[in-house]
Amino acid sequence: METHVIPATDGDINTEAVEAPEQINAKKPAKGQTEQKNDIASAGDLSQAVDIGWLKLDEAEFFDGTGGFTGLRYEDKEYKRIQLRRAMPDRYPSEYISVADHDNKEIGMIKSLVDLKGDQLRIVSDELSRRYYCPEILEIKSVRDKLGYVYMEMEVFAGGEKHERNAAVNDVNKNIRMLGANRLIIFDVDGNRYIINALDKLDGKSLRRLEPYMF
């Protein structure tokens, strides 16, 4: 799947920095923390301050799994589908990469992508690109509710081309969010992000289909 992350410009939002709602609370500093603790001087300071379970890369083998998923062989186990997340996407996008299994249980953390070589670097980089996929929505073709999920058929712009894309959204109060008065971002159940940069330029039918979920 060809992906395209929309670059941030003056006045634009950096979509990599917009995290899914369930990740936000975990990043809020506890009351009483000093300014020095809130502003970590370097990645090295963080590794000393927090007990991080580093992934032993000499024992890890990432691989391209079936169905477009990324897998991992590690410590005599094979994970057929893993999830990769940037712990600090703004400050260190190439460092502190969390590796979790399909049930979101963390296996370990990659300290830096520079520690990966060859195919291992390619596989991890491709998975991160998919994870932080954020195309622009051009049209909402259909919206339907079923069993607590909202299913959307959309036309999106990614990789310099238009594509048809289906997405399932859970808990729309949190996962369909306004960004100011004229922009909107959608998080699907796979962690993908979709953005509408100008609601006032969206066609009337698309806007009417979205309006019940805009809070």
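Note on segment 98-150: the alpha carbon radius of gyration divided by the globular reference 2.2 N^0.38 Å gives 1.68.
What area, in nm² and to one decimal, does the C-alpha convex hull of segment 41-131 cast on average over all directions?
Working: hull surface 23.8 nm².
Orientation-averaged projected area of the Cα hull: 6.0 nm².
Separation of segment 78-126 from segment 161-193 is 23 Å, based on Cα centroids.
Cross-linked pairs Lys80/Lys162; Lys56/Lys80; Lys111/Lys174; Lys105/Lys146: Cα-Cα separations exceed 23 Å for Lys80/Lys162; Lys111/Lys174; Lys105/Lys146. Between the residues Gly159, Gly191, Met178, the greatest Cα displacement towards the positive end of the dipole of segment 136-213, with unit charges on the Cβ of Lys, Arg, Asp and Glu, is found for Met178.
With K and R counted +1 and D and E -1, the other residues having a Cβ less than 9 Å from that of Pro135 yield a net charge of +1. Simple rule: put +1 on each Lys or Arg Cβ and -1 on each Asp or Glu Cβ in segment 41-131, find the dipole, and look at Met109, Pro89, Ala60; the Cα lying farthest toward the positive end is Pro89.
Computed from the C-alpha gyration tensor, the three semi-axes of the ellipsoid equivalent to segment 136-213 are 17, 15, 13 Å, from longest to shortest. For segment 171-215, the normalised intensity computed at q = 0.18, 0.28 Å⁻¹ comes to -0.50, -1.13 (log10 of I(q)/I(0), Debye sum over alpha carbons, equal scatterers, no solvent).
A short reminder: the numbers here are calculations on the coordinates, not readings from a lab. What you see is a predicted model, and the numbers here were worked out from it, not measured in a lab. So basically every Cβ, Gly included, is an ideal-geometry build from the backbone, and we count neighbours across all protein chains shown.
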